[in-house]
Structures are given as C-alpha cells and as structure tokens.
Amino acid sequence: MFDKILIVEDEKEIAELLKDYLEAERFEVIVASDGQEAIQLFSECRPQLMILDIMLPRFDGIEVCRIIRSQSAIPIIMLSAKKSDVDKIVGLGIGADDYVVKPFSPGEMIARVKAQLRRANQLSSLAETAEIIRYQELALNVKAYEVTVRNQPVPLSAREFEVLRYLALHPNQVLTREQIFRYVWGFDEHGDLNTVTVHIKKIREKIEVDPANPTLIKTVWGVGYKLDGGPR
C-alpha cells in the first residue's frame, strides 16, 4: 500500500505539478480545491499526509488545519505565497508540522513530504510500545492524548503532549533541543529551537509541584532535557 497524500490547493497548475511529482515517487494523490472539499475528502480517504495552502476559497487553510488537527495527528505541510504568513502559521500554533513558501522547488517539497512521513512512522512505532506510560506521579495515555499528574488531569496542548511523550519514551536519556524539535515539529533549517524551551517551560508549569525546581523534567545544562525517574 502506498502512502496517500491530500493536496489542498486552489491554483490548478500548482496542484497538478505537485500531483505529478508525488505520483512519480509512487504516492497516491488526492486533490481538493477548497477548504470544505478538503475536510470532506479527509474524512472519506484518510490520507497519511496533507499539503495545505493557506489561502483557499470557503474555509481558509488555517481553519482547515485546526479542524483536521482536532481529529488527527497526520503531518500537515502548509503552503503560503507570503513569507509573512510563516509567522502566522507558527505563532498561532495551529498544529502545522512544516511550511513552504511559494515559489518552491518540487524536489524540496518531495524531500519534506518524505521527511514528515518518516517522522510520523517513527513516532507511531514508538507509541505502539505502550498505550499508558507512567513515571513517578505522571501518566500519559498515548492514544487519547491525556495526561494525569497525581491522578489529576492536566490539560496539555497537542505539541506539549508530544514533547512530553517523546521525553517519556526515552526515560533518563538526555535529548537535545535539536532532537526534540526535529521529532515533534519536523522542521529543518527554518525552525526556532527556542520553541522547545518555551514548551518545556509551559509543561513544567502544569506538571511540576515547583516549576522553578523541577523533579520530573530536568535540564542538563549545555546539552538538553531528560525525564527523570524510572517507570512504575
């Protein structure tokens, strides 16, 4: 079975160009020309990855991304005609995994698609090792994206959960900011590693008794972070 890609792009030439290149790489490709059709095709076809233009008729790409992300963790690569939209995509935290500014190289897009699918497969393989991960007072329900601390539910965003899950799947192992960023966000040279620091801070505020003196997520200065303590 080949990976299925959903392209959501109202510019016919760009959609056909991407479709041709992806099919040459043996992907199965579906195309939607507006936001409403995208949501419908996503429900019907269940693709493994979505390439999503930010400017669309009916629902725009940001709204489509929010809707899809509430239902699925598939990789989403946003397309934009303006560099200024990149800040919007990242700043709103809508759940996109990567972004590409037009005009782009089809070869670059293929490389990004393959990188995102590799990352998704790696995370899926790791997650399959356990449905519930427990450390000290911490419990993660991998499939439900739910976290409890001292038996109390803790609301985490999808990205916060993924950071915590990645740490939990590598207990007592120091992970660099680069490793965390690459596996959770999937960006390459365009990423801001401070995003990891900000997310770690937010997670600590929610799960630590004293965020200023954390006992669960430890900082290893000059290297990265680790989830401290063994599994129960």
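The values are calculated or read from the model by the stated rules, or taken from the named source; none is laboratory data. Keep in mind it's a predicted model, so treat the numbers as computed, not measured. Here Cβ is always computed from backbone atoms with ideal geometry, including for glycine, and neighbour counts include all displayed protein chains. When the accessible area is computed, the model is the full protein with side chains, heavy atoms only, and any ligands, DNA or RNA have been set aside. Shrake-Rupley method; radii C 1.70, N 1.55, O 1.52, S 1.80 Å.
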If you go through the stretch 41-58, how many residues are open to solvent by 60 Å² or more (accessible area, probe 1.4 Å) and over 20 Å from residue 73 (Cβ atoms)?
2
Filter the stretch 134-150 for residues that are under 18 Å from the mean Cα position of the chain (by Cα) and assigned to a loop (DSSP other than H, G, I, E, B) and give the result.
142, 143, 144, 145
Answer residue from the stretch 137-155, given it is within 15 Å of residue 205 (Cβ to Cβ) and touching a helix residue (DSSP H, G or I) at 6+ places or on another chain (Cβ under 8 Å) and is surrounded by the fewest Cβ atoms within 10 Å (Cβ to Cβ) among those:
155
Does the stretch 186-197 contain any residue that is over 16 Å from residue 133 (Cα atoms), open to solvent by 30 Å² or more (accessible area, probe 1.4 Å) and modelled with pLDDT of 90 or more?
yes
Any pair with Cβ under 7 angstrom, 6 or more apart, that starts in the stretch 51-70 at a residue that is farther than 11 Å from residue 38 by Cα and ends at one that is open to solvent by 80 Å² or more (accessible area, probe 1.4 Å):
62/92
